[in-house]
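Everything on this sheet refers to the single structure shown next.
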Amino acid sequence: MMTANNADDPDNDYGWGIVNLTEAIFYHPEGDIVVEHFPVTFATEGMGSYRVSAEITCDHGLNVGELKVFWNTTGVEPFDAIPMNSAGGDSFYADIPDQGSGTTVYYYIYAQDSYGLSGLQPLGAPEHLYSFIVGSPRFYDGFEVGTYAWVTGGDGKKWGLSADYSYTGVLSLTDSPLGSYESSSNTWVAMRAGVDLSTVNSALLSFSHRYKIYTDDFGYIEVSTDGGSSWEQLGEAISGAQDSFVEETRSLDDYVGEQDVRIRFRLTSDVFDNQDGWYIDDLNIILNPTGVEEESGDQVPLAFSLSQNYPKQLDRDSLFDSRG
Ligand SMILES: [Ca+2]
Ligand SMILES: [Ca+2]
């Protein structure tokens, strides 16, 4: 993966020395088609349709008659095409028809510029696809198709994707994709949009993680209910060493009733002993809808089932050579 001689100065333009996958994914040469899309996360049977929205731009103009969403329920060819409609400005949308509860819907966005050149989102489509499960009351991110659902900020290295470790697929989310975190870091990654907990009676955050964080440095899990303006800590901070992925769960019951609940991961460090940092994968926010009776005792309610539900096994070889 790493071409060490260019590690400090990667040249994404020519595809060699790429060491920061997030930078590479977001890198668009001038004139390219840029598709900004927040993946569909919630869909239930009876909604009528599931809207796929995107901001699509191109310096030299788009062929707006050739903007499409391709979708199906198998994840492999062939796909059905739906033309995207204008929603004003650079915004376009297409509506995928209603599907039965439990159906997995796969999709990607196709765009063409005025020269007839095309672009796909997510990159690598149709091998790599967005997906959602109809009727699945949850937000899920396995970090395989980019960090579209997240925004980064703070001081220190920028959170991004890493192929060094993963719990599902080949990628995970980490604070310091290249080596160790920096001294005096205060760097974070937060959900770009909120989850609606106003119609549920219970909610749970679950993710898998591994970490190497010096004892005076900390990883915090935080929650916002005001669109990311303010954050409060959710449970214990993370510190020390955990050498293999373990599942972590945090109750979100205190936030039931809120309409915009976002999760943030934040790493802070002092000036001593910087280490590799924090790897997060397979993140779920699992909702127990109002009206679903919770079982008593120690049994986990059905809606909280944490069964592995990774939608599509990605082909490792299509992304990377063997990782050793
Ligand atoms: Ca993953
Ligand atoms: Ca690191």
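Our coupling estimate for the stretch 179-186, obtained by passing each phi through the Karplus curve with A = 6.51, B = -1.76, C = 1.60 and θ = phi - 60°, is x, 8, 5, 8, 5, 6, 6, 8 Hz, Gly and Pro reported as x. Rolling a 1.4 angstrom probe over the protein heavy atoms with all chains in place gives the stretch 33-136 an accessible area of 45 Å² per residue. Shape call for the stretch 81-127 from the C-alpha gyration tensor, a ≥ b ≥ c root eigenvalues: rounded (a/c under 1.5), prolate (a/b greater than b/c) or oblate? Oblate, since a/c reaches 1.5 and b/c is not below a/b.
With an 8 Å cut-off on Cα pairs and a minimum separation of 6 or more residues, tell me the relative contact order of the stretch 33-136 in percent. Can you show the working numbers first?
Details: 235 pairs, mean separation 35.7, N = 104.
Reported relative contact order: 34 percent.
Annotation: per residue accessible area for the stretch 150-311 equals 44 Å², rounded to a whole number [probe 1.4 Å, protein chains only]. Amide H contacts of Leu252 (H built 1.01 Å from N, in plane; Pro and chain starts excluded): Ala203, Leu204, Leu205 sit under 5 Å, all sequence-distant by 5 or more or on other chains.
Split the accessible area of the stretch 119-226 by element, probe 1.4 Å, and carbon with sulfur accounts for 45%.
Shape class for the stretch 33-136, computed from the alpha carbon gyration tensor (a ≥ b ≥ c): prolate, with a/c not under 1.5 and a/b above b/c.
The values are calculated or read from the model by the stated rules, or taken from the named source; none is laboratory data. Nothing here was measured: the structure is a model prediction, and the numbers come from that model. Note: areas computed on protein heavy atoms with side chains; ligands, DNA, RNA excluded. Shrake-Rupley method; radii C 1.70, N 1.55, O 1.52, S 1.80 Å.
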